[in-house]
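Beneath this line is the structure, given in structure tokens, with notes to follow.
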Amino acid sequence: MYRGSLLVLTIVVVLSLLIACAPAAPTAAPAAPTVAAKPPASAATTAATAAPTATPRPGESPVATTAKVKRGGVLRLAVTNDWETLDPHLTNGNTDAFTYIFSPLARIERDGAGAKLNIVPDLAISWDQVDPKTLVLKLRQGVKFQDGSLWNAEVAKFNLDRMMKHPKSVSKDSVKSIDSVDVVDNYTVRLNLKSPSASVMILLAPGLKYDTMMIPKDAAEKMGDDFGRKPVGAGPFQVAEWRPSDQLILKKWDGYWEKGVNGQPLPYLDGAVTRYIVDDSVRLVELKAHNIDAIFNIAGKDIPSLKTNPDIVYTELGSGGLSYSAALNPAYGPFKDNVKLRQAAWYGLNRQAIADTLGRGAGKPAYYLWTAGLPGYDETLPRYDFQPDKAKQLVAESGHPNGADLLLTHVARPLDAQQAQIYKQMWDAIGIRTTIDAIERVAWVKKGQTGTLEATTFQLNHYQDVDYYSRGITTGGAGNWIGWSDPDMDKCMADGRATFDPAQRQQAYRRCMQTLYEKAVYQAVWFVPWNFAIDKSVKGVVFNWYSLEPRFLWLDR
């Protein structure tokens, strides 16, 4: 039942860090993101690696007020995925730098590194649900973009319209509940929804892909496709140089609106350099040599050495994580219109062995795409346990008495390659003869868009709200890597999105979980929590949903 305000609305997020290999009682959910009708100013605290801080006043950063902040210096980072374009609405490539360059309507902030999450203001200062299908946003005044143009309601409308209507938009799943946007006055916009939605502001607050960042209208219209090469935003840093497949160099922007300690402008850093390094072992060596300041998504085998390194702070986030998952194309290749063969493939994977081998103590087997705590999650639903004899029987019953031939494509990263080899061994053993094809990620995305991936593995970073999974499992979703289209899945996701009632959301999304099992197209295989290794010289650490918040970082060196 609609309550008239988002103040009472809580959306359960990705919460489980451990997915047990045998059925167990559902994991209790930590505090969900709170979305306020008139949200308070940010009150995020530093991570557990730094001293506790006083609650900041509006416009003041949450950096410890008990410590003296040092300004200057360049943060050094490394990523394993290449950049495709720096246009936040149009990329399926790396987006980690977008929180440096751009600003969103609202942000997700963690309580330290824990599971408690809040949706806090940024370019929007408040939002009111005036009726079940109408959301009114008040916008921050006095903000400029890096090209000197002003932020206002007309620009907000342009951004939301672009996300909804641009033919190449990857943001469409984040705004799919919005029917239209009206400018009420220069700093007020009205979102007219297609139906009641419990997740509008959750999805507009970038949590994983940063695909709802705001960009300047004039520059985007003037530059067209070139905007992605030389973008400008309203964030604390601007692009100094981008060398594709090499590095991205950012410099401090002096016009950023937010103030830090003692009322001085943010950011504290002079800049940031992000290098493209695919090999996990190289990233680790560079971190230990103090050539890189932070890495994340660390392989299990490398965690023990980081935990005992006195120069590095290792942290695991209290909710969210990475599921190593796979998809079997039901419309192309040997799995086309063959649910029994797809079921055979899932029964043929020993998830526990895969997690133990690749996770090295940090990995756990995963049997559901959802994780505990999400609406719809139910461990009593059926799952694909390791049953090799049943898998062999299903291969024979699938119309392939002599076995089937399969091309498994994966992104050319070391852990993905090791995983593919294990899949091949297990699938070969049940009669699905597997050939492996490794390609660079941007090429992999493009091949997926053609619908010609027979089977593929991918890394599923968990989302801040269950509705965001639509991007991977519904028709036309920007992250639907094999182009799967299923009316049952589309309907249950739409039904869950269209209600505020927790029981109805649970029922709708539970149908989605059941459909995922029955159709046997997408499955999670094993899981690790999000983790970070940060040089101890990096201070002012604040985590958003998925990464470091750059506005407050400073270097003690």
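No value in this document is a laboratory result; all are computed from the given coordinates. The structure presented is a predicted model; accordingly, all values stated were derived computationally and were not measured. Methodologically, a virtual Cβ is constructed for each residue, glycine included, from the backbone with ideal geometry; neighbour enumeration extends over all protein chains shown.
Brief remarks follow.
- Among H462, H89, sorting on how many other beta-carbon atoms sit within 10 Å of each Cβ, with the fewest leading, yields H89, H462.
- Residues within the reach of a label modelled at Q504 (point 7 angstrom out along Cα to beta-carbon, backbone nitrogen below 20 Å), restricted to the range 189-212, are 192-203.
- Computed [θ] at 222 nm, deg cm²/dmol, the chain (DSSP H ≥ 4; -39,500 (n - 2.57); rounded to nearest 500): -6500 deg cm²/dmol
- Highest to lowest packing among 178-191, 519-532, scored as the average C-beta count within 10 Å: 519-532, 178-191
- Taking mean projected area of the Cα convex hull in nm² as calculated from this structure, the corresponding entry among (i) 56.1; (ii) 22.8; (iii) 32.7 is (ii).
- Of N152, N329, F98, farthest towards positive along the dipole that unit charges on Lys, Arg, Asp, Glu beta carbons give the chain: N152
- Electrostatic dipole magnitude of the chain [Cβ: Lys, Arg +1; Asp, Glu -1; Cα centre; debye, to 20]: 600 debye
- Sparse packing (at most 15 other Cβ atoms within 10 Å of the Cβ) combined with a DSSP loop state is found for the following trypsin sites (Lys or Arg not before Pro) in the range 297-366: K336, R360.
- Normalising the average separation of contacting C-alpha pairs (under 8 angstrom, six or more residues apart) by the number of residues puts the relative contact order of the chain at 22 percent.
- Linear extension gain, S305 paired with D246, 0.36 nm per residue minus alpha-carbon span: 18.5 nm
- Rounded to the nearest whole Hz, the Karplus-based 3J(HN,Hα) values (6.51 cos²θ - 1.76 cosθ + 1.60, θ = phi - 60°) of the range 341-356 follow the sequence 5, 5, 4, 4, 4, 6, 5, x, 9, 8, 4, 4, 5, 5, 5, 5, with x at glycine and proline.
- Rounded, prolate or oblate (a/c below 1.5 giving rounded, otherwise prolate when a/b exceeds b/c) for the range 320-529 by Cα gyration tensor: rounded
- If both residues of a DSSP beta bridge must be in the range 320-529, then about 60% of such bridges are antiparallel.
- Rounded to the nearest 20 debye, the dipole magnitude of the range 320-529 is 240 debye, with +1 charges on Lys and Arg beta carbons, -1 on Asp and Glu beta carbons, and the Cα centre as origin.
- Charge dipole of the chain about the Cα centre (unit charges at C-beta), most positive-ward option of A412, L394, A219: A219
- Contact order, relative form, for the range 369-464: 29 percent (alpha carbon pairs under 8 Å, 6 or more residues apart, mean separation divided by residue count).
- Summarising the label geometry, the points placed 7 Å from Cα in the beta-carbon direction at K336 and D161 lie 4.2 nm from one another.
- Note on M213, M164: ascending count of other Cβ atoms within 10 Å places them as M164, M213, the fewest first.
- If the chain linking S537 and D82 were pulled fully straight, counting 0.36 nm for each residue of separation and taking away their Cα-Cα distance, it would gain 161.1 nm.
- For a paramagnetic label modelled on D270 (point 7 Å from Cα along Cα→Cβ), amide N atoms under 16 Å away belong, within the range 533-557, to 554-557.
- Pairwise label distance in nanometres, L150 with V130, each label 7 Å out on the Cα-Cβ vector: 2.2 nm
- Highest average packing first - 247-253, 274-280, Cβ atoms within 10 Å: 247-253, 274-280
- Packing-based exposure ordering (other Cβ within 10 Å, fewest first) of H400, H290, H410: H290, H400, H410
- Once C-alpha pairs closer than 8 Å and six or more residues apart are averaged by separation and normalised to the residue number of the range 320-529, the relative contact order reads 36 percent.
- Axis of helix 388-397 versus longest Cα principal axis of the chain: the two differ by about 70°, to the nearest ten degrees.
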